[in-house]
1. Mind checking which residues of segment 224-263 are under 27 Å from PRO200 (Cβ atoms) and surrounded by 13 or more Cβ atoms within 10 Å (Cβ to Cβ)?
2. Show me the strands (runs of 3 or more DSSP E) entirely contained within segment 4-119 in which 1 or more residues are modelled with pLDDT of 95 or more.
3. From the list GLY108, GLY127, GLY144, pick out the single residue that is surrounded by fewer than 16 Cβ atoms within 10 Å (Cβ to Cβ), on the phi > 0 side of the Ramachandran plot and touching a residue at least 60 places away in the same chain (Cβ under 8 Å).
4. Kindly indicate the residue of segment 68-118 that is in contact with a strand residue (DSSP E or B) (Cβ under 8 Å, 6 or more places away or on another chain) and acidic (Asp, Glu) and also farthest from SER48 (Cα to Cα) among those meeting that condition.
5. Within segment 70-78, can one find any residue that is over 22 Å from LEU44 (Cβ atoms), out of contact with any helix residue (DSSP H, G or I) (no Cβ under 7 Å at 6 or more places or on another chain) and aliphatic (A, V, I, L, M)?
6. State the number of residues belonging to segment 120-134 that are at pLDDT 95 or above and either among the acidic types (Asp, Glu) or outside any loop (DSSP other than H, G, I, E, B) (or both).
7. In contact with a Ser or Thr (Cβ under 9 Å, 6 or more places away or on another chain) and small (Gly, Ala, Ser) - does that describe any residue in segment 139-152?
8. Scan segment 195-216 and report the pairs whose first residue is surrounded by fewer than 16 Cβ atoms within 10 Å (Cβ to Cβ) and whose second residue is in a strand (DSSP E or B) and of a type in the set (A, V, I, L, M, F, W, C), with Cβ atoms within less than 9 Å and a gap of 6+ or a chain change.
Amino acid sequence: MNSLSKVQCVILAGGLGTRISEETTVKPKPMIELGGKPILWHILKTYSHYGVEDFIVCCGYKGYLIKEYFANYFLHNSDVTFDLSNNNQIEIHRQTREKWKVTLVDTGHHTLTGGRLSRIKQFLRDGPFFMTYGDGVGDIDVRGLFNRHLEHGKPATVTAVQPPGRFGALKIDNEYVTEFLEKVDYADSWINGGFFVLSPEVLDLIDGDFISFEDTVLPILANQGDLCAFKHYGFWRPMDTMRDKVLLDSLCAEGKAPWEVWL
């Protein structure tokens, strides 16, 4: 498949974000801003750069703020004059348009990651789709990831990244994930980078709201030999803590954000 314009992208955006509570007491984690834009916007721009325009966002905690952001997206990204003396007439001076179609689905306040995927099943078309989290950025080769998924023909592909050493690791044998390891700290480890391509049959492994995609679905796929790795050697960073947020925000401010592939 040469074009990604018909491929959907599911974004998990419903978690509580307790490790960055300085920000998430007033907004959901995907709405935390980097360079004046929500990290969710940065993720959509990354996929859009490769032609992906159809997004399904799994909302939960404070999801109404995500809905309000997109409901007012035009105003957020335009220069306008409100003429209050003339029935509040609006004059648009500058406008930014996106080709995006964004479906926002309330997937529950306490639903786990697998359960959130299961809840949006009705909005998915046939064929493989992208899935990612609403709190991580990277200069991921989205097209390369999708092509890798088509090449191996397995139900799932995970982007494997080499991280700062505070994460659990993936054991990879001949490009297939064979095991999830306990948290380790060594230079040659690979971890789940959170950018996936999934075929619809993966959702058959999810039964109910309280199924974790990471703790239940991924190990099953790995044990069955159905999870392929797409190794990413470039930039990747999650926004788990305020330290992460400050780092990513500073990269935006300095014009050195590697994930801004659309610039």
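The values are calculated or read from the model by the stated rules, or taken from the named source; none is laboratory data. Given the structure is predicted, the values throughout are model-derived calculations rather than measurements. Cβ atoms come from the backbone with ideal geometry, glycine included; neighbour counts cover every protein chain shown.
1. Here is the first cut: in segment 224-263, the ones under 27 Å from PRO200 (Cβ atoms) are 224-232, 236, 238.
Within segment 224-263, ASP226, LEU227, CYS228, ALA229, PHE230, LYS231, HIS232, TRP236, PRO238 qualify.
2. Details: elements: 8-13, 54-59, 79-83, 89-94, 101-106.
In segment 4-119, 8-13, 54-59, 101-106 are the strands (runs of 3 or more DSSP E) which contain 1 or more residues that are modelled with pLDDT of 95 or more.
3. On the way: GLY108 fails: surrounded by fewer than 16 Cβ atoms within 10 Å (Cβ to Cβ); GLY144 fails: on the phi > 0 side of the Ramachandran plot.
Selected residue: GLY127, the only one of GLY108, GLY127, GLY144 that is surrounded by fewer than 16 Cβ atoms within 10 Å (Cβ to Cβ), on the phi > 0 side of the Ramachandran plot and touching a residue at least 60 places away in the same chain (Cβ under 8 Å).
4. Within segment 68-118, the match that is farthest from SER48 (Cα to Cα) is ASP83.
5. Filtering segment 70-78 for residues over 22 Å from LEU44 (Cβ atoms) gives none.
Among the residues of segment 70-78, not one is over 22 Å from LEU44 (Cβ atoms), out of contact with any helix residue (DSSP H, G or I) (no Cβ under 7 Å at 6 or more places or on another chain) and aliphatic (A, V, I, L, M), which makes the answer no.
6. Of the residues in that region, 8 qualify.
7. Scanning segment 139-152 turns up no residue that is in contact with a Ser or Thr (Cβ under 9 Å, 6 or more places away or on another chain) and small (Gly, Ala, Ser).
8. If the second residue must be in a strand (DSSP E or B) and of a type in the set (A, V, I, L, M, F, W, C), the pairs left are PRO200/PHE129; GLU214/PHE180; ASP215/PHE180.
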